[in-house]
Amino acid sequence: MTATQETSAATPEAGPAGTVRGVLDLDLPGPTISRHLYGHFAEHLGRCIYGGFFVGEDSPLPNEGGIRLDVVEALKALSIPNLRWPGGCFADEYHWRDGVGPREQRPTMVNSHWGDVVEDNSFGTHEFMALCELLGAEPYVSANVGSGTVKETSEWVEYLTRADDSPMARLRRENGRDEPWPVRFWGLGNEPWGCGGGMRAEFYADLARQFGTYSRNHGENRLYRIAAGAADADYHWTETLMKGLGHQLGGGAGRGWHGSGTYQAVSFHYYTVPGPWEHKGSATSFDTEEYYRTLHEAQRLRGILAGHAAVMDAYDPERHVGLVLDEWGTWFDVEPGTNPGFLFQQNTLRDALVAGVHFDAFHDHAERLVMANIAQTVNVLQAMVLTDGDAMVLTPTYHVFAMNQGHHDAQRLPLALRGVGSRGEGETQVELVSASASRKDDGVLVSLTNLDADGPVTVALDLRGAAVGDPVGQVLAAPDLRAHNTPESPDAVRPAPLEGLRLEDGTLTVELPAHSFATVRLTLQG
Ligand code: AHR
């Protein structure tokens, strides 16, 4: 059972074998699904920034200020709400002053986490803000708590957001930008328990108080400060933050995104890794057993979200503090022959189904979860686009983000399913159908994922509470689970019209092909 299934107002009737029956209450809108659940993450890692987003002004590729325009156009079509930068682990050894001013005068540094390569700092604060402006995305800046100073972070906030003639505002003007930028999202630290400093939760909570205190609101710019959180199901970390940040934790999420306290949210990270760390498994070459193990890992997120939310509920029952999953996605072995430190992996239909399952869980936790960022947008881990020189392909995951856009800032609808089969045991156990729905104005969007590797499934939804017009559907499917897009075959996995949709006597019937993701749009009438 999923959380949505448990919270439904109505109980669906069991249907004939092979049919999953459900109830969708069209007139019981729930919490808003923040568009920021569809956020992104770009780190100085492998070819995400350099070669992916940024090719330099002298590149023969169409660019604006060095930023690759084909990638920008592709991502703009997703209406990406926010972009987290510069890391990740990289953030905790990044010193922002090295990335401003004339490029030829910027110092170099060693990117010790990712490939041990020399970083030339040609993509820095101004380039990142220009990228966000081109994308129409809000910046989410991740500050260096691991090896940086409180002063450094305090000055970065001032540099970006202060309008008057303060020292940092003056420096920004000297570097060519007169007006401050509105930047509300600030992450103070990243994985402090690991690459971000190897700290204990108690130590980080104290340090976070200090960094939070000196990250100031300048003028009208209100910061939404995010404390760096747990790995996976480390509820002790979340509890320590909830206790340790104490009165510094204040409201914001869903209530104008700012509040009285210093911190408005705590984060956590969750990756879908099908195998042990030393052999995570190939992105494209996997058998059915490994496929199910991957989807099992993806479905574990639902329980982990519930676990963190329960800890937060105990300290913040009115849900003023947001939960942010600022890194999620599949993590496989790198593609053969590529730099192990660059985390470049292909992206198959399996990745798309992982994304579908995650979004259903996000929607079901919309009361507490206010932001999520997939890792990472271009050329790294579960990417939206992959580039190879001047070629660019859209991944199956990209299409899930595109098809789910109607959920941005929509109100979740209760959707209950009955008769969902499950398969396997233990580490490969998977519920075979996942779904969620939302409503915005007179539009309803239903998302459905069939995880069955072997066969189609019929879903029959009893629509209650309102009349709707004819349904229109799209499906993302392919004959092979391992199907993926390449420059030679860019459309091996792409959305197509969903055939066989029926609306009869208030029942919507959807035929989902084996291992597929689908969306159905309905228009409310009257
Ligand atoms: O996304 C890759 C890395 O995963 C990030 O840098 C780090 O925060 C996490 O461990």
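Using a simple spin-label model with pseudo-atoms 7 Å out from Cα toward Cβ, ARG502 and ASP287 lie 3.9 nm apart.
When each of the peptides 200-208, 35-43, 352-360 is scored by how many other beta carbons lie within 10 Å of its residues on average, the order from highest to lowest is 352-360, 35-43, 200-208.
Close amide H pairs (under 5 Å, H built 1.01 Å from N) link THR272 with GLY329, THR330, TRP331, residues at least 5 positions away or on another chain. So which cysteines of the chain have no other cysteine's Cβ under 4.7 Å from theirs? So far as the 4.7 Å Cβ criterion goes, CYS48, CYS132 stand without a partner in the chain.
Seen from GLY66, the other residues with C-beta closer than 13 Å to its C-beta sum to a net charge of -3, counting Lys and Arg as +1 and Asp and Glu as -1. Each residue of region 475-486 was assigned a 3J(HN,Hα) from its phi angle through the Karplus expression (A = 6.51, B = -1.76, C = 1.60, θ = phi - 60°), giving 9, 10, 8, 7, x, 10, 4, 8, 4, 8, 9, 9 Hz with x at Gly and Pro. Ordering 236-245, 128-137 by mean Cβ neighbour count within 10 Å, with the highest value first, yields 236-245, 128-137.
Full-extension gain between ALA514 and GLU367, please, as 0.36 nm times their residue separation minus the C-alpha to C-alpha distance. My answer for the length gained is 49.7 nm. Ordering THR272, PHE90, PRO479 by Cα displacement along the dipole of the chain toward the positive end leaves PHE90 in first place; charges were set at the Cβ atoms of Lys, Arg (+1) and Asp, Glu (-1). Across region 99-113, computed HN-Hα scalar couplings (Karplus, 6.51 cos²θ - 1.76 cosθ + 1.60, θ = phi - 60°) run x, 10, x, x, 4, 5, 9, 6, x, 9, 8, 9, 8, 6, 6 Hz from first to last residue, x flagging Gly and Pro. Once the Kirkwood radius over Cα pairs is known for the chain, the Stokes-Einstein relation at 20 °C and 1.002 mPa s delivers a diffusion coefficient of 91 µm²/s.
Evaluate the relative contact order of the chain (contact order divided by residue number), counting alpha-carbon pairs under 8 angstrom at least 6 apart; express in whole percent. In percent, rounded to a whole number, it is 19. With each label modelled as a point 7 angstrom along the Cα→C-beta vector, the ALA391-ASP178 pair spans 4.6 nm. If R0 is 30 Å, the Cβ-Cβ spacing of ASN339 and ASP70 corresponds to a FRET efficiency of close to 0.80. 3J(HN,Hα) couplings calculated from phi for region 149-154 with the Karplus curve 6.51 cos²θ - 1.76 cosθ + 1.60 (θ = phi - 60°) are, in sequence order, 10, 4, 4, 4, 5, 4 Hz; Gly and Pro show x.
Set the Förster distance to 35 Å, then compute FRET efficiency between LYS243 and VAL117 from the Cβ-Cβ distance, nearest 0.05.
Values: r = 40 Å, r/R0 = 1.14.
That gives a FRET efficiency of 0.30.
List residues of region 509-526, by number, whose backbone nitrogen lies under 18 Å from a label position 7 Å along Cα→C-beta of ASP454. Of the residues in region 509-526, 512-516 have backbone N under 18 Å from the label point off ASP454. Overall dimensions of region 135-268, expressed as equivalent-ellipsoid semi-axes from the Cα gyration tensor (√(5λ), whole Å, largest first), are 27, 16, 13.
As a calculated quantity, the FRET efficiency between ALA314 and SER79 at R0 = 45 Å, using C-beta atoms, amounts to about 0.80. Bridging of LYS76 to lysines at a Cα separation below 30 Å is possible for LYS440, once same-chain residues fewer than 8 apart are set aside.
Farthest towards the positive end of the charge dipole of region 484-526, among the residues SER489, GLN525, THR507, is the Cα of GLN525, using unit charges on the Cβ of Lys, Arg, Asp and Glu.
Measuring nothing but how far apart in sequence close Cα pairs (under 8 Å, 6+ apart) lie, relative to its length, region 151-247 scores a relative contact order of 31 percent.
Per residue, the chain reaches -7000 deg cm²/dmol at 222 nm when only DSSP H runs of four or more residues are counted, each adding -39500 (n - 2.57). Near LYS151, which lysines are there with a Cα under 27 Å away, not counting those fewer than 8 places off in the same chain? Partners within reach: LYS243. LEU301 sits among other residues whose Cβ lies under 11 Å from its own Cβ, and their net charge, with Lys and Arg +1 and Asp and Glu -1, is -2. The DSSP beta bridges internal to the chain are antiparallel in roughly 55% of cases. The packing ranking, built from the mean of other Cβ atoms within 10 Å per residue, places the peptides 372-381, 138-147 in the order 372-381, 138-147, highest first.
About the Cα centre, and with charges only on the beta carbon of Lys, Arg (+1) and Asp, Glu (-1), how big is the dipole of region 31-137? Nearest 20 debye, please.
Charge dipole of region 31-137: 380 debye, to the nearest 20.
Suppose each label sits 7 Å from its Cα in the direction of the beta carbon; what would the LEU28-LEU61 distance come out to in nanometres? Computed distance between label sites LEU28 and LEU61 equals 4.8 nm. Other residues lying with their Cβ under 13 Å from the Cβ of SER516 contribute a combined charge of -3, Lys and Arg counting +1, Asp and Glu -1.
Between the C-alpha center of region 206-230 and that of region 138-189 there is a gap of 12 Å. Here the chain is assigned +1 on the Cβ of each Lys and Arg and -1 on the Cβ of each Asp and Glu. Its dipole about the Cα centre then comes out at about 1160 debye.
Coordinate-derived values only; no laboratory data. Just so it is clear, the model here is predicted, and its values are computed rather than measured. Here the Cβ is made from the backbone with ideal geometry for all residues, glycine too, and neighbour counts use every protein chain on show.
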